[in-house]
Amino acid sequence: MFFFLIPSIPAVFGNFLIPLMIGAKDLAFPKLNLLSWYIYVLGGVITLYALLAGGLETGWTFYTPYSTVFAQSNVEFAAIGIFVAGFSSILTGLNFIVTIHKMRAPGMTWFRMPLFVWAHYATRSSRSSAPR
């Protein structure tokens, strides 16, 4: 869930389709995009270490009957890995927001943007500004 569904559709489709749909050559910050990918991989490696070093006794949701009991496994590493992967999503969202604001083609007004771009803008701007 944390490493496939959440980043796959918004990040992959957004990286390819947002510049095409708004008439930009690339995203606003390509190096930030690369940094976001490296942070995503780092979060995945930390979480994979937690799974291979003993697994999780809490399940993937970390919900409370399991998370309040003393755990013998690497729950801390899994939580840190997911937290690090969240920073990757924040950086990607920031890149999308700046790209949509500053790099639209001439004549591409807010009301002429495709619905896909609007959806990314709305979800990324609310996700980036929400407290974690």
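How many Å² of accessible area per residue for the chain, probe 1.4 Å? Present the calculation step by step, with values, prior to reporting the outcome.
On the way: 8460 Å² over 132 residues.
Here the residues of the chain average 64 Å² of exposed surface.
Ligands, DNA and RNA left out, the 1.4 Å accessible surface of the range 1-121 is 74% carbon and sulfur atoms.
A straight line joining the Cα centroids of the range 13-56 and the range 89-111 runs 18 Å.
In the chain, the longest principal axis of the Cα atoms and the axis of helix 75-102 are about 0 degrees apart.
Using only Cα atoms, find the angle between the long axis of helix 115-129 and the longest principal axis of the chain, and express it within 0 to 90 degrees, rounded to the nearest 10. Between the helix axis and the principal axis of the chain, the angle is about 50 degrees. Value of Rg to Rh for the chain, rounded to two decimals, is 1.09; Kirkwood radius and Rg both from alpha-carbon coordinates.
Rounded to the nearest 20 debye, the dipole magnitude of the range 1-116 is 620 debye, with +1 charges on Lys and Arg beta carbons, -1 on Asp and Glu beta carbons, and the Cα centre as origin. Estimated from the Cβ-Cβ distance and a Förster radius of 30 angstrom, the FRET efficiency linking residue 98 and residue 5 is about 0.75. With the charge dipole of the chain set up from +1 on Lys and Arg Cβ and -1 on Asp and Glu Cβ about the Cα centre, the Cα lying farthest toward the positive end among the listed residues 46, 117, 83 is that of 117.
The values are calculated or read from the model by the stated rules, or taken from the named source; none is laboratory data. Computed from a prediction, not measured in an experiment: that's the story for all the values here. Cβ: placed from backbone, ideal geometry, glycine included. Neighbour counts: every protein chain shown. Side chains included, ligands, DNA and RNA excluded: accessible areas come from the protein's heavy atoms. Shrake-Rupley method; radii C 1.70, N 1.55, O 1.52, S 1.80 Å.
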